[in-house]
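Beneath this line is the structure, given in structure tokens, with notes to follow.
The values are calculated or read from the model by the stated rules, or taken from the named source; none is laboratory data. Source: prediction; values computed, not measured. All Cβ positions, even for glycine, are placed from backbone atoms using ideal geometry, and neighbour counts span all protein chains on display. Ligands, DNA and RNA are stripped out before the accessible areas are found, and what is left, the full protein with its side chains, is counted by its heavy atoms. Shrake-Rupley method; radii C 1.70, N 1.55, O 1.52, S 1.80 Å.
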Amino acid sequence: MATPEAPRITVRGEAHVETDPELARIAVTVTARGTDRRATLDDLTRRNAAVVDLVNGCAGAVDRLETGSLVLTPELGRRGRGEHVRTHHGSVHLTATLTDFTALGELVTRLADLDLTRVDGPWWSLRPTSPAYARAREEAVRDAVRRARDYARALGTDLDALLTLDDTPSDGHVPFGAGSPRMAFAAEAADVPPLDLQPQRQTVTAHVTAGFTLRPPTL
């Protein structure tokens, strides 16, 4: 417990670090539709393979490629009795994460030019091990120390010792900022120039709570 002989102070430090993104993620949705189930599945498989080939062709720029579940849904006829299937709808969702942004615009343009293929994104982000997180934490600690010393000087004393240091978010907020995604639409011709997608700078936020003992102030 704090006493007049050993007063204590608790402060909160905060830091915001802006940095260039390290990753760009795009989502690709491939669809197919037809009256014949096997033909629809074949079309879906072929279009999915075309997407995978395009992404793998940028092997040096792609960090990872993830394929979601394949969905093939029958649509029943609106009239008549029984379970008559009118058509089949199929879709496959893929996610590609790139580290080389120079290839991003060309890849998005070529993907969007494929039949019945939708591209969403990109979503910009940092790696979990990005040095920006450590830099933000260090600046937050320095901010806490500066604030504590300001209060100590106002009381005519100085800091004595560090008691506690806590960087646990109080609201479950993840210390990471990302802007809204952009959307790439299907190209109208094969000779459309690549999209110019400018990387969106990221903001890393860190908060710490620090407790110090003070030397007995002279008031």
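Per the listing Arg182, Arg201, the residue uniquely out of contact with any Lys or Arg (no Cβ under 7 Å at 6 or more places or on another chain), modelled with pLDDT under 90, closer than 30 Å to Asp113 by Cβ and of a type in the set (D, E, K, R) is Arg182. The set of residues in segment 3-33 that are within 30 Å of Glu106 (Cα to Cα) and out of contact with any Lys or Arg (no Cβ under 9 Å at 6 or more places or on another chain) comprises Ala24, Arg25, Ile26, Arg33. Of the residues Asp113, Asp143, Asp150, only one is open to solvent by less than 70 Å² (accessible area, probe 1.4 Å) and farther than 30 Å from Val92 by Cβ; which? Step by step, each of Asp113, Asp143, Asp150 is checked, and only Asp143 is open to solvent by less than 70 Å² (accessible area, probe 1.4 Å) and farther than 30 Å from Val92 by Cβ. For segment 122-161, the tally of residues that are over 35 Å from the mean Cα position of the chain (by Cα) and in contact (Cβ under 8 Å) with a residue 40 or more places away in the chain stands at 9. Here Arg33 meets the list (1) at pLDDT below 95; (2) surrounded by fewer than 14 Cβ atoms within 10 Å (Cβ to Cβ); (3) in a strand (DSSP E or B) almost entirely, failing just condition (2). Yes or no: segment 117-128 includes at least one residue that is within 16 Å of Pro21 (Cβ to Cβ), open to solvent by 50 Å² or more (accessible area, probe 1.4 Å) and touching a strand residue (DSSP E or B) at 6+ places or on another chain (Cβ under 6 Å). Scanning segment 117-128, I find at least one residue that is within 16 Å of Pro21 (Cβ to Cβ), open to solvent by 50 Å² or more (accessible area, probe 1.4 Å) and touching a strand residue (DSSP E or B) at 6+ places or on another chain (Cβ under 6 Å), so the answer is yes.
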